[in-house]
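> Got a structure here, written out as structure tokens. Questions coming.
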Amino acid sequence: MLSRGSEWNKWDLHVHTPSSILRNDFGSDWDNYVQRLFKKALEQGIKAIGITDYFSIDGYKKLKQDYLSKPSKMEELFS
């Protein structure tokens, strides 16, 4: 519990993945995408990211299963 009152954070709730049908600037290079996404989020102080791919949740699933659920993969990308 916070004893100092409200805490404000920056969120980006409109982010596309390489699986997005209409907005794919990364091709199929997921490693590059993940590195750039998280480095940029850290630089900008973003605390939460919302995946908003068009017509599919496949990109969200891939990001969660292949990266966020695998600490060794994330360490490999950010060592």
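The values are calculated or read from the model by the stated rules, or taken from the named source; none is laboratory data. Just so we're clear, the structure is a prediction, and the values are computed from it rather than from any experiment. Glycine also receives a Cβ, built like all others from the backbone with ideal geometry; neighbour counts cover every protein chain displayed. All accessible areas refer to the heavy atoms of the entire protein, side chains included, with ligands and DNA or RNA removed. Shrake-Rupley method; radii C 1.70, N 1.55, O 1.52, S 1.80 Å.
> In straight Cα distance, which aspartates and glutamates are under 19 Å from K64, not counting same-chain residues fewer than 8 positions off?
D12, D29, D31, D53, E75, E76
> Would you work out the relative contact order for the chain, in percent, from Cα pairs under 8 angstrom that are 6 or more residues apart?
Relative contact order for the chain comes out at 35 percent.
> Would you calculate, for the chain, the mean residue ellipticity at 222 nm contributed by helices, counting each DSSP H stretch of 4 or more residues as -39,500 (n - 2.57) and dividing by all residues, to the nearest 500?
-10000 deg cm²/dmol
> As I understand it, the value is the acute angle between the Cα axis of helix 30-44 and the longest principal axis of the Cα atoms of the chain; what does it come to in degrees, rounded to 10?
Approximately 20 degrees, to the nearest ten.
> Using Stokes-Einstein with the Kirkwood hydrodynamic radius over Cα pairs, what translational diffusion coefficient do you get for the chain at 20 °C and a viscosity of 1.002 mPa s, in µm²/s rounded to a whole number?
Here the translational diffusion coefficient equals 155 µm²/s.
> Grab the beta carbon distance between S72 and L22, set R0 = 30 Å, and tell me the FRET efficiency rounded to 0.05.
It comes to 0.40.
> While we're on this one: I'd like to check one number: the per residue accessible area of the chain, probe 1.4 Å, reported in Å² as a whole number.
Averaged over the residues of the chain, the accessible area is 76 Å².
> Ignoring ligands, DNA and RNA, what percent of the accessible area of the chain is carbon or sulfur (1.4 Å)?
Here carbon and sulfur together make up 52 percent of the probe-accessible area.
> Here is a further query. Evaluate the distance, in nm, between pseudo-label points positioned 7 Å from the Cα of W8 and of E43 along their respective Cα→Cβ axes.
Distance between the two pseudo-spin positions: 2.3 nm.
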